[in-house]
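Student: This is the structure, below, for whatever I ask next.
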Amino acid sequence: MHSFRYLEGRLHVENVDLESLAEKYGTPLYVYSQGTIEDHFKRLDAGVAKLDHLICYAVKANSNLAVLQTIARMGGGFDIVSGGELFRVLKAGGRAANCTFAGVGKTRDEIEFALKEGIYCFNAESEAELRYINQVAGELGRKAPVALRVNPNVDAKTHAKITTGKSENKFGIDFDRVLEAYAAVANECPNLEIRGIQMHIGSQLTSVDPFVEAVKKVIPLVEQIKERHGIKFFSVGGGIGIVYKHMLDSGDATWWSQESAEKHPLTIQAYTDAIVPLLEPLRLRILMEPGRFMVGNAGTLLTRVLYEKKGNAKTFKIVDAGMNDLIRPTLYEGWHQIVPAQAPADNSTELADVVGPICETGDFLAQNRDLPPVKAGDLLAVMSAGAYGFTMASNYNTRPLPAEVMVHGSDAYLVRERQTLDDVVKGERLLP
Ligand code: LLP
């Protein structure tokens, strides 16, 4: 479900006019649809209803407290990768007991914090890390629940920078060494409790095949580990891809909400239909760690056109959002649909680059894009920016972080204030 559509020629999210939000809160501005997040959660939850399961939302995709609160209220758990993310989950009303803690470089402070709060499981990525968690747990007089992340060496067929399940990636423990690692934990780490097994092969997967290949490859191992160590859960990770390119009908069309299952490269139904029957016979608790699927299409980045520049080679639309606000286009060659807040009068288009104010050639939101004619002062919506948008934003060029708004029906809530310049320099000191 997507909740963006033109009503009387103006782009709305749910029942709220985006231009009115831009006027009230300024730009660049992130806007999220709570209805979309809830719908995505419910659809995944229903798709895996046959399994004993827990959806652990990958906090890194969008960690705004209101987003986490929305997921917590629906009964979701969380996949965290830092003490900071655990802090956010707790602040948002989430429970540590529903958190898994991933990542290759957990520090002592983070391990202690997670242990004291009682997280569900540490997903460990190396033997060295397991031994360290064992040591810290021993010093605290506690037992740490652990799962090992297996690297199944399966090609996720996604962008190289978001592929994680190949042997050359830094993640997880090699498939053929996992049994040994479990044995080492059982024999040599008295302060660890073996609780599960985990994998995650990559992000923005647009076909179900790599998921199926990885699950099929790992299941025999899961069975063995269940038998030997009595594990309780198998986490299949995240990675469900979303549609970034939608039909744009001009005029009063509800183009954004027209997305149909056929156009989706990987529907939630295809995903669950393929993996649920494979997982059911395991009779284990199944965890999923979706990030992008939950929030990606729920968010947009609003930006205003500042200037237009026609050069010999190209036309540039210079906007007030830059790579510091949304880094995906330049970092991953991410393609984000850009549409005007005011519906275009006809189908005419103009080839242009949409660029930000940052002093970097890589500062673009779109290149060689056919856009409806837009001029200085117009508001643009950069779509599908709910995942890995704000969470990857920075203060580069001393630009304050944008504000964030959550929409629910006809209501809009400011869920993060725009940073001030004083906020940006907070904590810095002049020399004596
Ligand atoms: N679980 C683990 C262990 C992960 O590393 C990730 C993402 C997820 C779950 C969630 O994956 P998702 O369902 O969102 O695909 N910044 C990049 C994406 C990086 C993903 C990192 N790990 C982007 O903007 O495309």
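The values are calculated or read from the model by the stated rules, or taken from the named source; none is laboratory data. Since this is a predicted model, take the numbers as computed values, not measurements. Using ideal geometry, Cβ is built from the backbone for each residue, glycine included, and neighbour counts are taken over all protein chains shown. We work out accessible area using only protein heavy atoms, side chains counted, and drop any ligands, DNA or RNA first. Shrake-Rupley method; radii C 1.70, N 1.55, O 1.52, S 1.80 Å.
Student: Being surrounded by 19 or more Cβ atoms within 10 Å (Cβ to Cβ) and not in a strand (DSSP E or B) is the filter here; which residues of segment 335-350 pass it?
Tutor: Of everything in segment 335-350, those that are surrounded by 19 or more Cβ atoms within 10 Å (Cβ to Cβ) and not in a strand (DSSP E or B) turn out to be 336, 337, 341, 343, 344.
Student: Applying the selection to segment 22-35, what residues are open to solvent by less than 10 Å² (accessible area, probe 1.4 Å) and more than 15 Å from the ligand (Cβ to nearest atom)? If you could, list the steps in order and put the result at the bottom.
Tutor: Just the residues of segment 22-35 that are open to solvent by less than 10 Å² (accessible area, probe 1.4 Å), to begin with: 22, 29-33.
The answer is 22, 29, 31, 32, 33.
Student: Hey, can you tell me all the residues within segment 292-308 that are surrounded by 22 or more Cβ atoms within 10 Å (Cβ to Cβ) and of a type in the set (Lys, Arg)?
Tutor: Step one: list which residues in segment 292-308 are surrounded by 22 or more Cβ atoms within 10 Å (Cβ to Cβ), which gives 292-303.
Hit for segment 292-308 is 292, nothing else.
Student: For segment 363-406: of the residues being over 22 Å from residue 15 (Cα atoms) and of a type in the set (S, T, N, Q), which is nearest to the ligand (Cβ to nearest atom)? Break it down stepwise before answering.
Tutor: We begin by selecting, within segment 363-406, every residue over 22 Å from residue 15 (Cα atoms); these are 363-377, 388-402.
Narrowing the set further to residues that are of a type in the set (S, T, N, Q) leaves 367-368, 391, 394-395, 397-398.
Values: 367: 17, 368: 21, 391: 8, 394: 13, 395: 18, 397: 21, 398: 23 Å.
Filtering segment 363-406 for residues that are over 22 Å from residue 15 (Cα atoms) and of a type in the set (S, T, N, Q), the one nearest to the ligand (Cβ to nearest atom) comes out as 391.
Student: Taking segment 45-64, which residues are part of a helix (DSSP H, G or I), more than 10 Å from residue 289 (Cα to Cα), in contact with a helix residue (DSSP H, G or I) (Cβ under 6 Å, 6 or more places away or on another chain) and aliphatic (A, V, I, L, M)?
Tutor: 61
Student: Can I ask one more? Since residue 144 meets every condition but one in (1) within 16 Å of the ligand (Cβ to nearest atom); (2) buried (at least 22 other Cβ atoms within 10 Å of the Cβ), which condition does it not meet?
Tutor: (1)
Student: Among 106, 60, which is modelled with pLDDT of 95 or more, closer than 21 Å to residue 389 by Cβ and of a type in the set (D, E, K, R)? Please lay out each step first, then the result.
Tutor: Working: 106 fails: closer than 21 Å to residue 389 by Cβ.
Only one candidate passes the filter, namely 60.
Student: Name the single residue, out of those in segment 99-115 being of a type outside the set (A, V, I, L, M, F, W, C) and away from the ligand (no atom under 15 Å from the Cβ), that is surrounded by the most Cβ atoms within 10 Å (Cβ to Cβ). Before the answer, list the steps.
Tutor: Just the residues of segment 99-115 that are of a type outside the set (A, V, I, L, M, F, W, C), to begin with: 100, 103, 105-110, 112.
Okay, now just the ones that are also away from the ligand (no atom under 15 Å from the Cβ), so 107-110, 112.
On the way: 107: 13, 108: 12, 109: 10, 110: 21, 112: 16.
Checking each candidate, the answer is 110.
Student: A further question follows. Only one of (1) at pLDDT below 95; (2) in a helix (DSSP H, G or I); (3) not β-branched (Val, Ile, Thr) fails for residue 216. Which number is that?
Tutor: That leaves (1) as the condition not met.
Student: Turning to a different aspect of this structure: Considering only residues that are within 13 Å of the ligand (Cβ to nearest atom) and aliphatic (A, V, I, L, M), look in segment 72-85 and name the one that is least open to solvent (accessible area, probe 1.4 Å).
Tutor: 80
Student: Could we say that residue 354 is in contact (Cβ under 8 Å) with a residue 24 or more places away in the chain, hydrophobic (A, V, I, L, M, F, W, C) and in contact with an Asp or Glu (Cβ under 9 Å, 6 or more places away or on another chain) here?
Tutor: On the way: in contact (Cβ under 8 Å) with a residue 24 or more places away in the chain: yes; hydrophobic (A, V, I, L, M, F, W, C): yes; in contact with an Asp or Glu (Cβ under 9 Å, 6 or more places away or on another chain): no.
No.
Student: Here's a follow-up. For segment 41-62, which residues satisfy the criterion of being touching a Gly at 6+ places or on another chain (Cβ under 9 Å) and either within 12 Å of the ligand (Cβ to nearest atom) or at positive phi (or both)?
Tutor: As a first pass, look at segment 41-62 and keep what is touching a Gly at 6+ places or on another chain (Cβ under 9 Å): 41, 45, 54-62.
Hits for segment 41-62 are 55, 56, 57, 58, 59, 60, 61, 62.
Student: Report yes if some residue within segment 324-334 is farther than 28 Å from residue 66 by Cβ, of a type in the set (Asp, Glu) and in contact with a Ser or Thr (Cβ under 8 Å, 6 or more places away or on another chain); otherwise report no.
Tutor: no
Student: Counting just the residues of segment 351-393 that are open to solvent by 40 Å² or more (accessible area, probe 1.4 Å) and assigned to a strand (DSSP E or B), which one comes out nearest to residue 64 (Cα to Cα)?
Tutor: The residue in question is 367.
Student: Taking segment 56-71, which residues are of a type outside the set (Ser, Thr, Tyr) and crowded, with 24+ Cβ neighbours inside 10 Å?
Tutor: The initial filter retains those residues of segment 56-71 that are of a type outside the set (Ser, Thr, Tyr), namely 56, 58-62, 64-69, 71.
56, 58, 59, 61, 62, 67, 71, listed by residue number.
Student: From the set of residues in segment 265-291 that are farther than 18 Å from residue 53 by Cβ and open to solvent by 10 Å² or more (accessible area, probe 1.4 Å), which is nearest to the ligand (Cβ to nearest atom)? Spell out how you get there, then give the answer.
Tutor: Kept after step one, since they are farther than 18 Å from residue 53 by Cβ, are these residues of segment 265-291: 265-267.
Applying the additional criterion that residues be open to solvent by 10 Å² or more (accessible area, probe 1.4 Å) yields 265, 267.
Working: 265: 13, 267: 15 Å.
Filtering segment 265-291 for residues that are farther than 18 Å from residue 53 by Cβ and open to solvent by 10 Å² or more (accessible area, probe 1.4 Å), the one nearest to the ligand (Cβ to nearest atom) comes out as 265.
Student: Against the definition (open to solvent by 10 Å² or more (accessible area, probe 1.4 Å), within 13 Å of the ligand (Cβ to nearest atom), over 23 Å from residue 53 (Cβ atoms) and not hydroxyl-bearing (Ser, Thr, Tyr)), how does residue 159 come out, yes or no? Write out each step before concluding.
Tutor: On the way: open to solvent by 10 Å² or more (accessible area, probe 1.4 Å): yes; within 13 Å of the ligand (Cβ to nearest atom): yes; over 23 Å from residue 53 (Cβ atoms): yes; not hydroxyl-bearing (Ser, Thr, Tyr): yes.
Taking the combined requirement at face value, the residue satisfies it.
Student: In segment 194-212, how many residues are surrounded by fewer than 17 Cβ atoms within 10 Å (Cβ to Cβ) and free of Cβ contacts under 8 Å to residues at least 60 places away in the same chain?
Tutor: Result for segment 194-212: 2.
Student: Then there's this: What is the one condition in (1) out of contact with any Leu (no Cβ under 9 Å at 6 or more places or on another chain); (2) more than 16 Å from residue 193 (Cβ to Cβ); (3) surrounded by 15 or more Cβ atoms within 10 Å (Cβ to Cβ) that residue 88 does not satisfy?
Tutor: Every condition holds for residue 88 apart from (1).
Student: Additional query: What's the total number of residues in segment 401-422 that are farther than 15 Å from residue 20 by Cβ, open to solvent by 70 Å² or more (accessible area, probe 1.4 Å) and among the acidic types (Asp, Glu)?
Tutor: Looking only at that region, the number is 2.
Student: Report the residue count in segment 133-152 for those that are touching a Lys or Arg at 6+ places or on another chain (Cβ under 8 Å) and either within 16 Å of residue 104 (Cβ to Cβ) or in contact (Cβ under 8 Å) with a residue 60 or more places away in the chain (or both).
Tutor: Total satisfying the criteria: 5.
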